Amino acid sequence: MGDDNIHHGRETQPLIKDVGDQNIVPGNHQKTQVGRLLLVSLILFLHSGSSAIHSPLMSQYLYLRYSQKYFLNSSFPERKTSHSECVVNNTAADSDLQDEVQRDATNLNMQLTFVTSIPAIFTNLCLGAYSDYFGRRFLFITMLVGRMTRDLTTVATIVWNLDLRYFFIGYGADGLCGSSFTFYLAGYAFTADITPPAKVRTVALAVVDAAKGIAEVSLRIATGYLIQMYGYLFPSMGMAALTMLDLVVVVALLPETVKRNRACISPIAAVKNVFRFYFRKSSTGNRALFWICISVFFFKMIDQYGTVNIENLYMLSPPFCWDSVRLGMYGALKDGVHYFSSAVIIKVLHVCTTDGIVGIIGFMSAAASKIIQGLAFVDWMLYLVPVVALASAAISPALRAILSRMVPADEQGAIFTSMSVAEAVCDAVGSTTLNVVYGATLSVMRGAVFLIMAGTKIVAIILLTVFVYKTRSTVVSPQNTLCVQVRDEQGASDDEQP
């Protein structure tokens, strides 16, 4: 029978048959557990609030510290709270110094990201591989301990004006504990545990993303004003306080969704479980689908992680010269449009299409917005970016839902771990590569890095189009773990081949 579940809006069963889901807590898994969904949304809200403070705070703090280093005999910048203006009508020497400020801030951001993301790749692989055995709570707790170390190190560096190299201590600890990749792995796997595998899971993942968005919108605005009025200390202390509160909520309130009723497997076997979807010998067609999906996911995340600090530096410098308040307002607008629109866009598009088409539309929107951002030379063009990028908000929930539906209930941790590892790799590769490109093109074209990102979106559109085409010829195979089997030219599934 044709896979109408996928292509005609009736996703009532997973792409892969749930076999052996005994590790899920007893209950009606075909009904979304709203209370737990709200609780995990709160946990992600607190974490995203802390992260929303950290990103603009670090970009501006590093910009200020290096400005003080290079502009010793200048009034730029005089204030010790926030960078509020940059040199627009400057001499050639000042312009060169300003480029040096950006290069040094970019390089340190890149190094700190590298210190976090490289160990996070292996931590996510190890912790995530066992999440289907030990549960989701220990992932949340482990990550929050590392994040607390980073936040306290940041506070100490700001209070005592320590050498910037002290940041490596906190960032290293954060990476060793998995960083945000582990946190979102746990959050998305938890959400998959408490929702049925139909299209409602896509909406639930979008709701979780919306909780992140609410935090980022509110805290970005507040951070901008706090930096302008009081400097960097109060925002950094608020960041640490949110992380501590998040840890308390997880320990005291979060229930476990995975029962520890199976024997623990070896580390090698656990790691194999994470990647076996992509190397399953008995399902060549499905293996290709997994590779297409994870490749598209990679192109989405390399931009999300690679340009986050670059965007702040881009707007701090000429011709924009934004201060902390304008950066906060813009970040709130950008995140608000992105996160709040995702659930609505997905719900509307699901009336007439599928997650694959939703992803294609989203990437088209993202590519157009990156082109505008790279060519921007006046403020209104930057404000146009989040508007044009509206549909891109649906990409991440759609891709996560597609991959989640392709595996049974007792392997949700494994598939989300593979995505989390991909995110950590994107953070390392994307931040390193794009920061190098940004530094190298400052004197030629500041927005070149955004045009490169637009190119990756076009590649993603092509891959996702191939995925949609291939899945239109799939059939359900109840005898196999994989419910989607791609037929060959003779009409036999992969497992039916001699």
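Please determine whether any residue of region 318-327 is touching a residue at least 12 places away in the same chain (Cβ under 8 Å), of a type in the set (D, E, K, R) and closer than 22 Å to T456 by Cβ.
Scanning region 318-327 turns up no residue that is touching a residue at least 12 places away in the same chain (Cβ under 8 Å), of a type in the set (D, E, K, R) and closer than 22 Å to T456 by Cβ.
Would you confirm whether any residue within region 60-79 is part of a helix (DSSP H, G or I), hydrophobic (A, V, I, L, M, F, W, C) and either over 23 Å from R446 (Cβ atoms) or modelled with pLDDT of 70 or more (or both)? Spell out how you get there, then give the answer.
First pass over region 60-79, keeping only residues part of a helix (DSSP H, G or I): 60-70.
Subsequent filtering for residues that are hydrophobic (A, V, I, L, M, F, W, C) retains 62, 64.
In the following step, the residues that additionally are either over 23 Å from R446 (Cβ atoms) or modelled with pLDDT of 70 or more (or both) were identified as 62, 64.
Checking region 60-79: at least one residue is part of a helix (DSSP H, G or I), hydrophobic (A, V, I, L, M, F, W, C) and either over 23 Å from R446 (Cβ atoms) or modelled with pLDDT of 70 or more (or both).
Restricting attention to region 368-382, which residues are buried (at least 22 other Cβ atoms within 10 Å of the Cβ) and either within 19 Å of the chain's Cα centre (by Cα) or of a type in the set (D, E, K, R) (or both)? Lay out the reasoning, then the answer.
Going through region 368-382, the residues buried (at least 22 other Cβ atoms within 10 Å of the Cβ) turn out to be 369-370, 373.
Once the filter is applied, which keeps residues that are buried (at least 22 other Cβ atoms within 10 Å of the Cβ) and either within 19 Å of the chain's Cα centre (by Cα) or of a type in the set (D, E, K, R) (or both), region 368-382 yields S369, K370.
Pick from region 312-331 the residues that are of a type in the set (A, V, I, L, M, F, W, C) and out of contact with any Gly (no Cβ under 8 Å at 6 or more places or on another chain): which of them is surrounded by the most Cβ atoms within 10 Å (Cβ to Cβ)?
Narrowing region 312-331 to residues of a type in the set (A, V, I, L, M, F, W, C): 313, 315-316, 320-322, 325, 327, 329.
Cutting the leftovers down to out of contact with any Gly (no Cβ under 8 Å at 6 or more places or on another chain) gives us 313, 315-316, 320-322.
Details: L313: 23, M315: 19, L316: 27, F320: 20, C321: 16, W322: 22.
In this case the residue turns out to be L316.
Yes or no: T191 over 23 Å from L233 (Cα atoms), surrounded by 19 or more Cβ atoms within 10 Å (Cβ to Cβ) and not hydrophobic (A, V, I, L, M, F, W, C)? Quick ask: steps written out before the conclusion?
Details: over 23 Å from L233 (Cα atoms): yes; surrounded by 19 or more Cβ atoms within 10 Å (Cβ to Cβ): yes; not hydrophobic (A, V, I, L, M, F, W, C): yes.
In short, yes.
Yes or no, residue by residue, for (1) buried (at least 24 other Cβ atoms within 10 Å of the Cβ); (2) within 19 Å of the chain's Cα centre (by Cα); (3) not in a helix (DSSP H, G or I):
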| position | (1), (2), (3) |
| --- | --- |
| L384 | no, no, no |
| A393 | yes, yes, no |
| A401 | yes, yes, no |
| T417 | yes, yes, no |
| E423 | yes, yes, no |
| D427 | yes, yes, no |
| Y438 | yes, no, no |
| V444 | no, no, yes |
| L451 | no, no, no |
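List pairs: first residue in region 437-449 and closer than 13 Å to L375 by Cα, second residue outside any helix (DSSP H, G or I) anywhere in the structure, Cβ distance under 8 angstrom, at least six positions apart or on different chains.
Between residues of region 437-449 that are closer than 13 Å to L375 by Cα and residues that are outside any helix (DSSP H, G or I), the close pairs are R446/S317; G447/A376; V449/T307.
Yes/no per residue for (1) modelled with pLDDT under 85; (2) crowded, with 24+ Cβ neighbours inside 10 Å; (3) among the aromatic types (F, W, Y):
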{"residue": "G175", "(1), (2), (3)": "no, yes, no"}
{"residue": "A206", "(1), (2), (3)": "yes, yes, no"}
{"residue": "Q228", "(1), (2), (3)": "no, no, no"}
{"residue": "G231", "(1), (2), (3)": "no, no, no"}
{"residue": "A252", "(1), (2), (3)": "no, no, no"}
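Scanning region 332-367 for residues that are of a type in the set (S, T, Y) and within 30 Å of I227 (Cβ to Cβ), which turns out surrounded by the most Cβ atoms within 10 Å (Cβ to Cβ)? Write out each step before concluding.
So the first thing to find is which residues in region 332-367 are of a type in the set (S, T, Y), and the list is 339, 341-342, 353-354, 365.
From the residues that got through so far, the ones that are within 30 Å of I227 (Cβ to Cβ) too are 339, 341-342.
Numbers: Y339: 23, S341: 21, S342: 29.
For region 332-367, the residue satisfying everything is S342.
Going through region 124-134 one residue at a time, which ones are touching a helix residue (DSSP H, G or I) at 6+ places or on another chain (Cβ under 6 Å) and either surrounded by fewer than 23 Cβ atoms within 10 Å (Cβ to Cβ) or not hydrophobic (A, V, I, L, M, F, W, C) (or both)?
Residues satisfying the conditions are N124, L125, G128, Y130, S131, D132.
Here is a list: K199, K259. Which entry is more than 23 Å from L125 (Cα to Cα) and surrounded by fewer than 24 Cβ atoms within 10 Å (Cβ to Cβ)?
Working: K259 fails: more than 23 Å from L125 (Cα to Cα).
Exactly one of K199, K259 is more than 23 Å from L125 (Cα to Cα) and surrounded by fewer than 24 Cβ atoms within 10 Å (Cβ to Cβ), namely K199.
Tally the residues that are free of Cβ contacts under 8 Å to residues at least 40 places away in the same chain and within 29 Å of D379 (Cα to Cα), restricting the search to region 328-360.
1
Taking T157 as the residue in question, decide whether it is out of contact with any Asp or Glu (no Cβ under 7 Å at 6 or more places or on another chain) and surrounded by 24 or more Cβ atoms within 10 Å (Cβ to Cβ). Write out each step before concluding.
Details: out of contact with any Asp or Glu (no Cβ under 7 Å at 6 or more places or on another chain): yes; surrounded by 24 or more Cβ atoms within 10 Å (Cβ to Cβ): no.
So T157 fails the test.
Among the residues of region 34-59, what is the count of those that are within 19 Å of T106 (Cα to Cα) and either not hydrophobic (A, V, I, L, M, F, W, C) or not in a helix (DSSP H, G or I) (or both)? Reasoning before the result, please.
Of the residues in region 34-59, the ones within 19 Å of T106 (Cα to Cα) are 51-59.
Add one more test, that the residue is either not hydrophobic (A, V, I, L, M, F, W, C) or not in a helix (DSSP H, G or I) (or both), and what stays is 51, 54-56, 59.
Adding up the residues that qualify gives 5.
Within region 336-354, is there a residue that is of a type in the set (S, T, Y) and under 16 Å from the mean Cα position of the chain (by Cα)? Steps first, answer last, please.
In the first step, residues of region 336-354 are kept if they are of a type in the set (S, T, Y); the result is 339, 341-342, 353-354.
Next cut, under 16 Å from the mean Cα position of the chain (by Cα) only: 339, 342.
Scanning region 336-354 turns up at least one residue that is of a type in the set (S, T, Y) and under 16 Å from the mean Cα position of the chain (by Cα).
The values are calculated or read from the model by the stated rules, or taken from the named source; none is laboratory data. Remember, predicted model here, so these are calculated numbers, not experimental data. As a convention, Cβ positions derive from the backbone with ideal geometry for all residues, glycine included, and neighbour counts pool all protein chains shown.
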